[in-house]
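Report on one structure; see the data block that follows.
The values are calculated or read from the model by the stated rules, or taken from the named source; none is laboratory data. Here the structure is a predicted model, which means the values were calculated and not measured. Counting neighbours? That spans all protein chains shown, and the Cβs are built from the backbone with ideal geometry, glycine included.
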Amino acid sequence: MDANYYENEQNVANYIKFTPAHDGALLVDVLGEHLEQESSMLELGMGPGKDYKLLSERFRVTGSDFSRVFLERYRKHDSSADLLHLDARTLETDRTFDAIFSNKALIHMSRVELQKSFARQHALLNDQGLILHSFWYGAGESDFNDLTLVYHNENDLAEMLERSFDIVALERHAKMSEGDSVYVLARKK
Ligand SMILES: C[S@@+](CC[C@H](N)C(=O)[O-])C[C@H]1O[C@@H](n2cnc3c(N)ncnc32)[C@H](O)[C@@H]1O
């Protein structure tokens, strides 16, 4: 299963070494324009935790990941962090949040898994809650380092979300190069 890729110490070390430019500040700023300070929020697939740190400056953040390796690494560095071991495909928690955020963490899911994840996120959100997720831009899938990457564009994201969310923003942005990514900001109906 793809998600197990990051259960491996070496793969995690390689990811941390490789992580290129960081687009998290832009995404956190976009969210900040629509979400009150000190709102509660859940980050999915936090990885090394760069965005978790930025989000924590403004919001009450709970970090999460499917990989215990990433969670344990982060725990060593911040013993007071609020962290959950969560699979974004199923989101088995009874906690609720004002917002849910991810940066390139839902990119390994099939369309069916992503649609189910959005339904679970809807259930975990408080009234009028927000989601903000960033994906690689495009269509179809590719294999990269034993991982499947699933690409998304404005149309397929809108199609998956529009029944239960109002789309607030759906924009291309850059992680490594101009327009290589797309983020969606949407509000629970
Ligand atoms: C490409 S990394 C991105 C990490 C981080 N968000 C960043 O911007 O650097 C993908 C992250 O998603 C996590 N992940 C992959 N599949 C997941 C799943 N089903 N549920 C939760 N986390 C998952 C991985 O463990 C990893 O931390």
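Got a sec? Which of LEU71, LEU31 is part of a helix (DSSP H, G or I) and under 27 Å from ARG163 (Cα atoms)? Spell out how you get there, then give the answer.
On the way: LEU71 fails: under 27 Å from ARG163 (Cα atoms).
After ruling out the rest, the residue left standing is LEU31.
Look at (1) crowded, with 17+ Cβ neighbours inside 10 Å; (2) at pLDDT 95 or above; (3) within 26 Å of GLU7 (Cβ to Cβ) and you find that LYS175 fails only one, number (2).
Taking the numbered list (1) in contact (Cβ under 8 Å) with a residue 12 or more places away in the chain; (2) within 13 Å of the ligand (Cβ to nearest atom); (3) assigned to a loop (DSSP other than H, G, I, E, B) in turn, SER64 passes all entries but (3). Taken together, the residues in region 128-174 that are outside any strand (DSSP E or B) and over 17 Å from VAL112 (Cβ atoms) amount to 9.
Where residues in region 74-83 are in a helix (DSSP H, G or I) and in contact with a Leu (Cβ under 9 Å, 6 or more places away or on another chain), which of them is nearest to the ligand (Cβ to nearest atom)? Please lay out each step first, then the result.
Within region 74-83, the first condition is being in a helix (DSSP H, G or I), and the residues that meet it are 74-77.
Among the residues that remain, those that are also in contact with a Leu (Cβ under 9 Å, 6 or more places away or on another chain) are: 74-75.
Working: TYR74: 10, ARG75: 14 Å.
Selected residue: TYR74.
Evaluate region 58-68: report whether one residue or more is among the charged types (D, E, K, R) and surrounded by fewer than 17 Cβ atoms within 10 Å (Cβ to Cβ). Walk me through it before giving the result.
First pass over region 58-68, keeping only residues among the charged types (D, E, K, R): 58, 60, 65, 68.
So of that shortlist, the ones also surrounded by fewer than 17 Cβ atoms within 10 Å (Cβ to Cβ) come out as 60, 68.
Within region 58-68 (the criterion being among the charged types (D, E, K, R) and surrounded by fewer than 17 Cβ atoms within 10 Å (Cβ to Cβ)), the answer is yes, since at least one residue qualifies.
Of the set (1) within 8 Å of the ligand (Cβ to nearest atom); (2) at pLDDT below 95, all apply to GLU43 but (2).
Look at (1) more than 7 Å from the ligand (Cβ to nearest atom); (2) under 23 Å from GLN10 (Cα atoms); (3) buried (at least 16 other Cβ atoms within 10 Å of the Cβ) and you find that LEU86 fails only one, number (1).
Looking at LEU86, LEU106, LEU147, can you tell me which residue is in contact with a Phe, Trp or Tyr (Cβ under 9 Å, 6 or more places away or on another chain) and at pLDDT below 95? Spell out how you get there, then give the answer.
Numbers: LEU86 fails: at pLDDT below 95; LEU106 fails: at pLDDT below 95.
Result of the check over LEU86, LEU106, LEU147: LEU147.
Scanning region 158-189 for residues that are without any contact (Cβ under 8 Å) to a residue 40 or more places away in the chain, of a type in the set (A, V, I, L, M) and out of contact with any helix residue (DSSP H, G or I) (no Cβ under 9 Å at 6 or more places or on another chain) gives a single hit, ALA158.
Where residues in region 92-120 are small (Gly, Ala, Ser) and assigned to a strand (DSSP E or B), which of them is farthest from ILE16 (Cα to Cα)? Before you say what the answer is, go through the steps one by one.
Filtering region 92-120 down to residues small (Gly, Ala, Ser) leaves 99, 102, 105, 110, 117, 119.
Next cut, assigned to a strand (DSSP E or B) only: 99, 102.
Working: ALA99: 26, SER102: 17 Å.
Selected residue: ALA99.
Checking each residue of region 51-60 against the condition of being closer than 23 Å to SER177 by Cα, in contact (Cβ under 8 Å) with a residue 12 or more places away in the chain, in contact with a Ser or Thr (Cβ under 9 Å, 6 or more places away or on another chain) and not in a helix (DSSP H, G or I) gives no match. Select from region 89-117 the residues that are more than 18 Å from LYS50 (Cβ to Cβ), within 9 Å of the ligand (Cβ to nearest atom) and not basic (Lys, Arg) and write down the one among them that is surrounded by the fewest Cβ atoms within 10 Å (Cβ to Cβ). Step by step, filter region 89-117, then rank; the result is THR90.
Please indicate, with yes or no, whether at least one residue in region 32-42 is without any contact (Cβ under 8 Å) to a residue 24 or more places away in the chain and of a type in the set (A, V, I, L, M, F, W, C). No - not one qualifying residue is present in region 32-42.
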